[in-house]
1. Show the residue pairs that are 6+ apart or on different chains and have beta-carbon atoms under 6 Å apart, the first residue being within segment 1-25 and of a type in the set (D, E, K, R), the second being modelled with pLDDT of 90 or more and open to solvent by 50 Å² or more (accessible area, probe 1.4 Å).
2. THR228 - would you say it is modelled with pLDDT under 90 and closer than 14 Å to LEU303 by Cα?
3. For the subset of segment 27-59 comprising residues that are at pLDDT below 90 and acidic (Asp, Glu), which member is farthest from the chain's Cα centre (by Cα)?
4. Kindly indicate the residue of segment 269-280 that is within 14 Å of LEU68 (Cα to Cα) and in contact with a strand residue (DSSP E or B) (Cβ under 7 Å, 6 or more places away or on another chain) and also surrounded by the fewest Cβ atoms within 10 Å (Cβ to Cβ) among those meeting that condition.
5. If I ask for residues that are in contact with a strand residue (DSSP E or B) (Cβ under 6 Å, 6 or more places away or on another chain) and among the aliphatic types (A, V, I, L, M), which ones from segment 90-109 would you list?
6. Checking PHE117 against (1) more than 15 Å from ILE312 (Cα to Cα); (2) open to solvent by less than 20 Å² (accessible area, probe 1.4 Å); (3) modelled with pLDDT under 85, which test does it fail?
7. Could you give every pair whose Cβ atoms fall below 9 Å, whose first residue belongs to segment 261-282 and is outside any helix (DSSP H, G or I), and whose second residue is surrounded by fewer than 21 Cβ atoms within 10 Å (Cβ to Cβ), counting only separations of at least 6 or pairs across chains?
8. Counting only residues that are within 18 Å of ASN168 (Cα to Cα), of a type in the set (Phe, Trp, Tyr) and part of a helix (DSSP H, G or I), which one in segment 60-111 is modelled with the highest pLDDT?
Amino acid sequence: EGRSCVRYKCGLFNTIQDVLRQRPNWVEVKDGEWDFNWCDVGWLRENFDHSYMDEHVKINHFRNHYELSRKNLMVKNLKRYQKNLEKEVGREEAFKCDFFPCTFVLPSEYHLFVEEFNRNPGSIWIMKPVAKSQGKGIFLFRKLKDIIDWKKESVHSEEQKDAVPVENYVAQRYIENPYLINRKFDLRVYVLVTSYVPLKAWLYRDGFARFSGTRFSLSTIDDKMHLTNVSVQKTAPNYNHEEGCKWEMQQLRRYLTAKHGRELIENLFKEMDNIFIRSLQSVQKVIINDKHCFELYGYDILLDENLKRWLIEVNASPSHTPSSREDYEMKFRLLEDTLNVVDMEGLTGKEKRVGGYDLMWNNGPVYREDVYLQTFGSSCFTANTYLCLNDREKQLRHLFKPFQRRT
């Protein structure tokens, strides 16, 4: 049932505040009862377990969202899911999960990591704290002695039970052959989950490529060359604060299509769905499903020189702070359409598309009839998602026209 007036609470001070404030008949409340809460994970951790929620109430995180977004848990869940697939379905199906780099959790898997490290001497590895974002605490290394000091700290903390335990890291084999457009880049893609049981997930058509400001080379392991995070890049002396270091998704798609042909690049983007769905399925049984919750994930995907897609990490709190005017407008559309899908007003129902979102999975793959093939006298069912042109304004006008006539 839709709400004629929505009381919202918001704990963040960026683009989401602007989106909520311009929403018709939405009213901000600081204290007291609320219908909708866009909170930070700190508020969730402290308040979720002892908050009573009426039937209609919505909140922007699942209770244990970190099962996918914390780096060590993501890898643990993906490895378990892949192992179960091989046992229950077969090796060929399990191979479809071959989209994340070789990764170890330290300090617990240190000895396994050393064995793998010694099999490929000279390879570059990357160390990441499991629960930090925006490139904080990340460093690259080629030699074991580069992490000896870190290892000593972990041993010291294990010996002293009262000492503060050493922070967990993941050690991940670095992708040494990234696809380059003069510089290294990765993709930020947005996926919205409105239910885990059954799994219901939406893919947003807009996104962006984040570029390093420095030409790529393996001769140095400087973080500003190898990390594409905006928070890292904007500290570089040559960073352009007006233009940022991003391409819109469609700009990247046009470039790749011109270079490699339409068919290959269409398949590349379509097959990214496999990463999104498999990763969500890997945590489906461990996420605490709750009809009050939804989650907007920011996926970081890297392409290598063979156009293989690699999942680098998943963010449950992707930054909505803009790096440029175009970035602000894209994130505003994304968040506005997120509210359209969550639909506190009761305006949508069984649509396969809402604004810039395409329904990707609804307790099974979602298909649409391919209108292009109909012109040849046949029909074909293809995936409902494309990461293609976002004509959301036209789509929203069509979607809400019946409602506008009633009012």
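The values are calculated or read from the model by the stated rules, or taken from the named source; none is laboratory data. Bear in mind that the values here come from a model prediction, so they are computed numbers and not experimental data. Positions of Cβ are generated from backbone atoms using ideal geometry, with glycine treated the same way; all protein chains shown enter the neighbour counts. To get the accessible areas, we keep the full protein, side chains included, count just its heavy atoms, and leave off ligands, DNA and RNA. Shrake-Rupley method; radii C 1.70, N 1.55, O 1.52, S 1.80 Å.
1. Final answer for the pair search is ARG7/VAL27.
2. Details: modelled with pLDDT under 90: yes; closer than 14 Å to LEU303 by Cα: yes.
Yes.
3. ASP31
4. Checking each candidate, the answer is ILE277.
5. Hits for segment 90-109 are VAL105, LEU106.
6. Among (1) more than 15 Å from ILE312 (Cα to Cα); (2) open to solvent by less than 20 Å² (accessible area, probe 1.4 Å); (3) modelled with pLDDT under 85, PHE117 violates only (3).
7. GLU271/ARG309
8. Filtering segment 60-111 for residues that are within 18 Å of ASN168 (Cα to Cα), of a type in the set (Phe, Trp, Tyr) and part of a helix (DSSP H, G or I), the one modelled with the highest pLDDT comes out as TYR66.
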